[in-house]
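Quick notes on the structure that follows.
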Amino acid sequence: MAKNKPSSQPKATQNPITTNPNSPTSEQVIKSTVFSKYPFALLIAVLIVTGFFIFKDYLLGKAAYQFKDIGSDSINLTQTILVWLHDYWRTEGMPSWSFQQGMGLNLYPFFFDQFFWIIPFFSKENIPFTIVWVTWFEVMVAGAVFYFYLKTLKLSPFSSLIGGLCYAYCAYGILSSTWVNRFEIELFNNALLLLALERFIQKKSWWLVPIAIALMTIDMPFNLYPFSFLILAYCVFRHLIIEEKLSKNLLTTLLWMLGLGTLGVGIGAVLGLGELDQMLDSPRVSGGQSFAGALIDKGLSGAIDGKELLTCITRTFSNDMLGTGLEFKGWSNYLEAPMFYVGLFPLVCLPQLFHQVDVNRSRIYALLLVLIFIPVILPFFRFAFWAFTGDYYRTYSLFVGMTLLTLGMKALSKIEETNKINWITLLLTIVGLTVILFLPLSAEDLINKGIRSLVILLLIVNSGLLGAVSIRNLRNIAQITLLIVICFDLAINASRTINISKREALTKEELSEKTGFNDYTNEAVAYVKQVEKSPFYRIEKSFGSGPTRYQSINDPKIQNFYGIKSYHSFNQPNYIRFMTALKVVDKNNELTSRWCTGYPANIIWHSLVGVKYFISKTNEVNTFGYDSLKTFNDVKLSKNRFALPLGITYSNYMTEEDFESKKYSNLYASKAMLRACVIDKKLIPQLSGLTKTAEIDTAQVFANGEFEQTIKDLTTDTLQISSFSNTKITGEIDLPRKKVLYLSIPFDKGWHATINGKDADLQRVQWGLTGLVLDKGNHKIELTFTPPYKKEGILVSLFSLGLFGVMLFFSKRKKGNSSTIEA
């Protein structure tokens, strides 16, 4: 920290716990304890021992850290992504566009994870068993960073150690890790951001702030919105705790945060810019499927209901008091419900804080607790926290737990420092917490009484040990015992949450058998690749191979074929637009824009999108138009005799307005798109010489021989593909007249076309797919894909990194100046 700080700013470095700047620090008071010499080494040891007990069944290979129950996304999303990355790196290089996600999606913005990035470089067979090791490492690193945050707050070594331990194995670290991997990343990012903010506030050290923001931008740029509330609230409340009133120093701090945050966003723009664009363009945000309208309409009048309140209470004490996995009886479901648990000990400590500080600071802490729980009581504010994108807790659970933990550890540190505790408050705390656990009485049938009894017992033990910590002569033994009890509480809670049998974990035996993603679909796909000569074709399945209770949709990513279905948080908007026009996606249901399952038995639209092969179970009757090819145990492979190639041409067109006015059903919508290329009316001036079709015959789907003739006409002039990859397609077509070339690729601004070496404008046709207007003659066509904003993101990141380096250089040079913000 800068030396010789001017006397006009005496409170800028004041200890937030100790109101008297001349008071000794916690380390000076308790330097004789066993935790004072090597607290960080002890933390790492405790994290390892506790974590091994929690994860031992998975670490020893009894099961993969993937779950078939409500946590099925750990298989249907995480595993498919990791295997896809494993293959893509080896065949195509840097992740980009992939035809294995739906009908095609830009996956460049979503490929990097600061911890999980290493997993795809292991063998495919080891990927499921590697996940637990990375998860364990991730939560331990998060706990270690949170420890340093508490140390920066000048808390005692013991309270910092306990805080780091509880943070690592809190509900958000363990429970959410059984869902998808991104939540543990937030656990780390949050701890790093807190450390960065506190270093700036106390030491005026700025360099960690943009790094924390950059990592957040790369991980999920949307999180910059909810975390901006954290930054604002943290700066305001820390300022009030230190100075007890608002002053211009707060404005200065906030301006620095704005500038450093912008720099961090710039550093992370290499991935964040494209990801933000894709998120904003997705149906969840800008499409008709958005939840925003419905959530805003609920207004401030809708208070929390009884079941949700019960869930909030019980999940503060345990992950599983209302049931585990599919047996969960609380609000929403096991994973979407609040995750407030950070250990029982912080709950016992926290009330002591109000006896350790003056009246003004007591009011500030009380206000903080009120504000943190307002969005719980009034869900409208929680909806606003999520920008009205959904009825979620998720990251908000982390903020609640983090607040309870930090304030609890502040109280513990002060008890160690002063050797004082308010025994009446301690007694009232235990009584109050116990009473809360029995309310309401009508919920008794929902509560696991064994867990509740254990929680009450641990609360009493924690209270007794906290009292013993305040007695100097008992402190050493009390701290050791308390550490053991806290480890027991965290380990038992987490072990119950990830229990192999209760959570239906994917066992080692299942991974080696011909079930799940390892079923006979793989033999069918391998056979197709052996006999098929075309460089591009799609395969559809009537079932999902995933071993979970919920149907897997992303089979193409793990079983290595091009399909149609897609489960993704931010599906390609024009893909969803096309599916909506075909009535495959409900325009009023946001969930269907993420879980796009398609119609597996519709030969008309299968032909329209290039499905050439169909995989079904042997006991299923063949769909019209499909001929059986071969059987692989219980899997049957059929071929579409009416399959259309990737690029077909139309001489007829229909406007979107005409199409929409007819309100076609799925079958007739498919028929309309086979009979005419549906276009935006703005394209009409370019279509001179083509025939406009206003409507189709809806007396019957196709008359005798009509479907066959339609397919024959569409295969007359097609694109002959000479080379194909996920990001580059070249081919040639010879046309006797002007036509529209339709490509069954979602229209995306990342795709670029050349015709005979000259740039050409791609058009959106068929509501959301790709087209090219071609004149008569021979055309050599090349399509290439470059992730949107990739180049711009790289330039912004390089500029921001350069600016960061310059700022760091000059900060170091001017470090001796007392008025300078330090690096």
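The values are calculated or read from the model by the stated rules, or taken from the named source; none is laboratory data. Not measured: the values here are computed from a predicted model. Cβ placement follows ideal geometry from the backbone for every residue including glycine, while neighbour counts extend to all protein chains displayed. For accessibility, only protein heavy atoms count, side chains too; no ligands or nucleic acids. Shrake-Rupley method; radii C 1.70, N 1.55, O 1.52, S 1.80 Å.
Based on the alpha-carbon set only, what is the convex hull volume of region 666-758 divided per residue, in Å³?
For region 666-758, the hull spanned by Cα atoms encloses 151 Å³ per residue.
Kirkwood Rh and Cα-based Rg: tell me the resulting Rg over Rh for the chain, rounded to two decimals.
We get a ratio of 1.03 for the chain.
Let me see the pair-distance distribution of region 471-616: every alpha carbon pair, 10 Å bin width, integer percents in order.
In order of increasing distance, the bins hold 9, 28, 24, 15, 9, 7, 5, 2, 0 percent.
In this model, which of K533/K557; K541/K630; K583/K738; K712/K738 are farther than 26 Å apart at the alpha-carbon?
K583/K738
How large is ³J(HN,Hα) for each residue in region 489-503, as worked out from phi by the Karplus curve 6.51 cos²θ - 1.76 cosθ + 1.60 (θ = phi - 60°), to whole Hz, x for Gly and Pro?
Per-residue couplings from phi come out as 4, 4, 5, 5, 4, 5, 4, 5, 5, 10, 3, 4, 6, 5, 9 Hz.
How large a share of the accessible area of the chain, in percent, is made up of carbon and sulfur atoms when the probe is 1.4 Å and the other protein chains stay in place?
Exposed carbon and sulfur together represent 60 percent of the surface.
Less than 16 Å apart at the alpha-carbon level, and either on another chain or at least 8 residues along: which aspartates and glutamates does that give for K502?
Partners within reach: D57, D69, D320, E327.
Determine the sum of side-chain charges near K583: Lys and Arg each +1, Asp and Glu each -1, restricted to other residues whose C-beta is under 14 angstrom from that of K583.
Result for the neighbourhood of K583: +3.
Please enumerate, by chain and number, the lysines with C-alpha under 30 Å from the C-alpha of K410, excluding those fewer than 8 residues away in the same chain.
Counting by Cα, and skipping residues close in sequence, K410 has these lysines nearby: K3, K5, K11, K31, K37, K151, K154, K203, K204, K245, K248, K420.
Check Y653: other-chain or 5+ apart residues with amide H under 5 Å from its amide H, H built from backbone geometry?
Hits under the 5 Å cutoff: C677, T691, K692, T693.
Within 13 Å, Cβ to Cβ, of K124, how many net charges do the neighbouring residues add up to if Lys/Arg are +1 and Asp/Glu are -1?
Cβ neighbours under 13 Å give a net charge of 0.
Please turn the phi angles of region 532-548 into ³J(HN,Hα) values with the Karplus equation 6.51 cos²θ - 1.76 cosθ + 1.60 (θ = phi - 60°), one per residue in order, whole Hz, x for glycine and proline.
Listing the rounded values in order: 7, 9, 5, x, 9, 6, 10, 10, 10, 10, 8, 8, x, 7, x, x, 7 Hz.
Would you work out the relative contact order for the chain, in percent, from Cα pairs under 8 angstrom that are 6 or more residues apart?
Averaging sequence separation for qualifying contacts and normalising by length gives 16 percent for the chain.
Compute from the Cα atoms of region 139-198 the Rg and the Dmax, the latter being the longest Cα-Cα distance, and quote both in angstrom.
Reported Rg and Dmax, both Å: 11.2, 35.
So the label point goes 7 Å from the Cα of T786 along Cα→C-beta, right? Which residues of region 722-765 then have their backbone N under 17 Å from it?
Those under the cut-off are 727-729, 748-755, 757-762.
Amide H of A387: which non-local residues (sequence gap of 5 or more, or other chain) have their own amide H closer than 5 Å, using H built in the peptide plane?
Amide H neighbours of A387, under 5 Å, 5+ apart: none.
Using the Cβ atoms and a cut-off under 10 Å, what net charge is assigned to the surroundings of D634, where Lys and Arg are +1 and Asp and Glu are -1?
Here the count lands on +2.
P(r) for region 562-657, please, calculated from all Cα pair distances in 10 Å bins and given in %.
Histogramming region 562-657 at 10 Å steps yields 14, 38, 33, 13, 1 percent.
Per the Debye formula with a single identical scatterer at each Cα and no solvent contribution, what log10 I(q)/I(0) holds for region 672-823 at q = 0.17, 0.21 Å⁻¹?
Values returned for q = 0.17, 0.21 Å⁻¹ are -1.07, -1.38.
Using each residue's phi in region 139-147, evaluate 6.51 cos²θ - 1.76 cosθ + 1.60 at θ = phi - 60° and report the 3J(HN,Hα) Karplus result to the nearest Hz, with x for Gly and Pro.
5, 5, 5, 4, x, 5, 5, 5, 4
How large is Rg/Rh for region 504-545, to two decimals, with Cα atoms and a Kirkwood Rh?
Computed over Cα atoms, the ratio is 1.10.
Report the Rg/Rh value for region 367-503, based on alpha-carbon coordinates and the Kirkwood definition of Rh.
1.01
Before rounding to the nearest 500, sum -39500 (n - 2.57) across all DSSP H runs of length at least 4 in the chain and divide by the residue total; then give [θ] at 222 nm in deg cm²/dmol.
Counting only the DSSP helices, I get -15000 deg cm²/dmol.
Averaging over every viewing direction, what projected area does the convex hull of the Cα atoms of region 227-347 cover, in nm²?
In nm², the orientation-averaged hull projection of region 227-347 is 12.1.
Shape call for region 171-229 from the C-alpha gyration tensor, a ≥ b ≥ c root eigenvalues: rounded (a/c under 1.5), prolate (a/b greater than b/c) or oblate?
prolate
Quick check for you: with a 1.4 Å probe and neighbouring chains kept, what is the accessible area per residue of region 244-378, in Å²?
Solvent-accessible surface per residue comes out at 41 Å².
Whole angstrom only: what separates the Cα centroid of region 366-388 from the Cα centroid of region 689-709?
56
Run the paramagnetic zone check for I471: 7 angstrom along Cα to Cβ, then residues of region 417-452 with backbone nitrogen under 18 Å.
Once the point is set 7 Å along Cα→Cβ of I471, 417-427 turn out to lie under 18 Å by backbone N, inside region 417-452.
Straight distance only, please: which lysines reach the Cα of K749 with their own Cα at less than 17 Å, same-chain residues fewer than 8 apart left out?
Straight-line reach from K749, under 17 Å: K728, K790, K791.
Could you list which residues have their amide H under 5 Å from that of R737, counting only those 5 or more apart in sequence or on another chain, with H placed in the peptide plane?
Result for R737 returns G777.
Can you work out the FRET efficiency for the pair S722 and S628, with r the C-beta to C-beta distance and R0 = 25 Å, to the nearest 0.05?
It comes out at approximately 0.20.
Using the alpha-carbon centroid of each, what span in Å lies between region 760-787 and region 600-646?
If you average the Cα positions of each part, the centres end up 28 Å apart.
I'd like the distance between the alpha-carbon centres of region 519-566 and region 93-139, rounded to an integer number of Å.
If we compute the Cα centre of each part, the gap is 19 Å.
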